[in-house]
Amino acid sequence: MLQTQLLSNHHFNFGRRGRDSSVGRAGKCDVHRLEEGPPLKAELTREQGLRYYRIMQTVRRMELKADQLYKQKIIRGFCHLYDGQEACAVGIEAAINPSDHLITAYRAHGYTYTRGIAVKEILAELTGRRGGVAKGKGGSMHMYAPHFYGGNGIVGAQVPLGAGIALACQYQGNNQVCVALYGDGAANQGQLFESFNMAALWKLPCIFTCENNQYGMGTSVERASASTDYYKRGDFIPGIRVDGMDVLCVREAFKFAAEHCRSGKGPIVMELKTYRYHGHSMSDPGVSYRTREEIQEVRSKSDPITMLKERMLSNNMASVEEFKEIDIAIRKEVEEAAQYATSDPEPPLEELCNHIFSNDSPLEVRGTNPWARLKSVS
Amino acid sequence: MRPTQKMNLFQSVTSALDNTLASDPTAVIFGEDVAFGGVFRCTVGLRDKYGKDRVFNTPLCEQGIVGFGIGAAVAGATAIAEIQFADYIYPAFDQIVNEAAKYRYRSGNLFDCGNLTIRAPWGCVGHGSLYHSQSPEAFFAHCPGIKVVIPRSPVQAKGLLLACIADQNPCIFFEPKILYRAAVEQVPVEPYTIPLSQAEILQEGSDVTLVAWGTQIHVMREVANMAQEKLGVSCELIDLQTILPWDTETVCKSVVKTGRLLISHEAPITGGFAAEISSTVQEECFLNLEAPISRVCGYDTPFPHIFEPFYIPDKWKCFEAIKKMINY
């Protein structure tokens, strides 16, 4: 097994419309109310590198397959794709334990995968089939897994939930933490600040994480926020801004953050500077509020998967053939998952009313007519 | 004849807002993404025409948007706030119910926010699932102090919206999103209002009264035709238009005539607005009723993802209800 030391934590700036853009400058993470930040060096083993590559590439291919299925009208409704942001989900998962908790908003397919759900169950949920992770009843925005609380449609509503999960961890003394994710648009929701206050007051082990992909739907961060330093928005809560396109930076930063929380120091606010290639959702082409050149530039200079691959190749940690093999295996897995998602039957009509309440014996649910009564089993 | 123009529902909304900004210098429009025209195109062109001081974006904060709107209205501006989907209105629920609705009452008429109008896209759209399909009018019907209005078509939308803006009470205007493009009519270009709290009888009949609002009116129209063709039953179709305060007189007069009432809405049946109508009508028209009042509504479940076609109160379910009432 090859081992090597790598410089990580380089600071990333996105150039926009004439401003300078710089890529890959080595430097510390920006910190707020912290004496020191995450380490400047990180170790990446070959096994880790290939694993992160495989997971990121799987998420990428899965999202692109979802795009394809959506355009074929096999997936309908809302679909918010995560391609471009893979390093965030993978880096976070690499830093925390499966027994830790995670909650995010609607751009959730990547996290559903990293938290342990198979690609075919994710795609089947998108197509609304009974084999989907939520039995086909939730759709794109509502996917769940053990210690993964979704998948939430209302912007910002998941953050107080995350604080509550952290409270439960603290109360039970189980040394677990909760990562509560939200976007740059949600950063302006009042309930976030309520959560910050409670978490700081009670020193909850909550890692508030802003995935700043520069745009809240079609509104750029400058036009929505009085302050775009999202890692400072917790005010009295320490914060770290991280290059969200570099999976190692994300991992090291979250290791630091998890340690901070587990040692009883209270919450911390993370800002991951990242980028999404797709528009906000499948109904947004994504080019009316940003240029194709900008998207291309990020793809060519800061793609998380390419960066990891090149890093490993230039350090002789793996060969081009090995990556090709991984790619082929992933393509097959995603293809089979798509097959499953298109052929699995839809949930039976009886499912319509199940699981509204928790009830021992079947509950009667009033229907569209006075004489139509359905049964709710839970 | 007033000059008219072919408009769909979102264009008729734009026209109403355009008329308002032109005639009322205190009028301002704000909400998420309204500046570029809005996610449903209701505010296209307004910022260019009237300036960025009058048509501007807010950050993503519904409670803030409505609270801010109440303040602006109290201070004298005609404030038109947009909530991007009715499903997102709940963070603002406290502001609407506890602040906007009670302002006049609690200040003994010293202050009011009558200049406030809140607009939100409403109702099922075919693929909206849990959080892009809701019809929350029943939550607001329970709140004295505000008005709740729902149009069925472009002509109604413009007239009712202008009436809401002019009305000296805070109003919530729900726009059926599925009709934004689907409903097209010749709409007068000049401003006009349609009175609030007046239900409209779209079709006269003698056997069954049908009451609905918004998108469901179009379903009921079909149902009325089916009833006539297949059962020889003559239906009187009423568009309620204003949910709060609702036109009890028109509905009760109709039920006195026909003796049968069917109310239909997409929102879940328990506690839906049909319950209020049903209760009032049985009080006023008990002896005139030939059959129990029928409600054909959504199931008591969250608005489903894949099950939408089974969930909505479609024409077949309504037709069945009429058959049962006739044969009672």
With Rg and the Kirkwood Rh both taken from Cα atoms, where does Rg over Rh land for region A:281-338? 1.12
Heavy atoms only, 1.4 Å probe, whole protein assembly: order B:Tyr328, A:Tyr82, A:Tyr113 by accessible area, highest first. B:Tyr328, A:Tyr113, A:Tyr82
Accessible surface of A:Ser281 - all protein chains present, 1.4 Å probe, nearest 10 Å²: 10
Kindly state, to the nearest 0.05, the FRET efficiency for A:Leu64 paired with B:Asn327, given R0 = 41 Å and r defined as their beta-carbon distance. 0.15
Let me understand region B:1-153 better: what is its radius of gyration from the alpha carbons, and its Dmax, in angstrom? 15.6, 46
Per-residue ³J(HN,Hα) for region A:138-155, Karplus 6.51 cos²θ - 1.76 cosθ + 1.60, θ = phi - 60°, Hz, x for Gly and Pro: x, x, 4, 8, 10, 10, 9, 7, x, 6, 10, 9, x, x, 9, x, 7, 5
Separation between Cα centres of region A:114-162 and region B:8-48, rounded to whole Å: 36
Helix-only mean residue ellipticity at 222 nm, the protein assembly as shown, DSSP H runs n ≥ 4 weighted -39,500 (n - 2.57), per residue, nearest 500. What is it? -11000 deg cm²/dmol
Pull up all non-local amide H partners of A:Gly216: gap of 5 or more, or a different chain, and H-to-H distance under 5 Å with H placed in the peptide plane. A:Val221
Please list B:24-31, A:310-317, A:137-144, B:124-131 highest first by mean number of surrounding beta-carbon atoms within 10 Å per residue. A:137-144, B:124-131, B:24-31, A:310-317
Using amide H atoms built 1.01 Å from N in the peptide plane, name the residues 5+ places from B:Gly31, or on other chains, whose amide H lies under 5 Å from its own. B:Phe56, B:Thr58, B:Glu82
Based on a Kirkwood Rh over C-alpha pairs, give the Stokes-Einstein translational diffusion coefficient of region A:133-191 at 20 °C and viscosity 1.002 mPa s in µm²/s. 169
Residue order for B:Thr43, A:Thr219 - accessible surface, 1.4 angstrom probe, largest first: A:Thr219, B:Thr43
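Under unit Cβ charges (Lys, Arg +1; Asp, Glu -1), what dipole magnitude, rounded to 20 debye, does region A:139-283 have relative to its Cα centre?
I would put it at about 200 debye.
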When all Cα-Cα pair distances of region A:207-296 are considered, the percent exceeding 14 Å is 67
Give a residue-ordered list of calculated ³J(HN,Hα) values for region B:75-83 (Karplus: 6.51 cos²θ - 1.76 cosθ + 1.60, θ = phi - 60°; whole Hz; x for Gly, Pro). 7, x, 7, 7, 9, 10, 9, 10, 9
Once the dipole of region B:3-134 is set up from charges on Cβ (+1 Lys and Arg, -1 Asp and Glu), the residue from the list B:Thr78, B:Met7, B:Phe30 lying farthest towards its positive end is B:Met7
5 angstrom amide H check on A:Arg290, placed H, neighbours 5+ away: none
What net charge is computed for the residues neighbouring A:Ile237, neighbours being all others with C-beta under 11 Å from the C-beta of A:Ile237, Lys and Arg scored +1, Asp and Glu -1? +4
If you rank A:Asp30, A:Asp246 by how much accessible surface each has, with a 1.4 Å probe, what is the order from largest down? A:Asp30, A:Asp246
Using only protein heavy atoms and a 1.4 Å probe, report how much of B:Trp246 is accessible, in Å² to the nearest 10. 30
Please list log₁₀ I(q)/I(0) at q = 0.16, 0.20, 0.31 Å⁻¹ for region A:245-293, using the Debye equation with identical point scatterers on the alpha-carbon positions. -0.64, -0.75, -1.13
Modelling each spin label as a point 7 Å along the Cα-to-Cβ direction, I'd like the B:Gln203/A:Leu201 distance in nm, to one decimal. 5.8
Considering all projection directions equally, how large on average is the shadow of the alpha-carbon convex hull of the protein assembly as shown, in square nanometres? 33.9
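The values are calculated or read from the model by the stated rules, or taken from the named source; none is laboratory data. In this text the structure is predicted, and so the values were computed from the model without any measurement. All Cβ positions, glycine included, derive from the backbone under ideal geometry; neighbour counts span all protein chains shown. Surface accessibility is based on the protein's heavy atoms, side chains included, excluding ligands, DNA and RNA. Shrake-Rupley method; radii C 1.70, N 1.55, O 1.52, S 1.80 Å.
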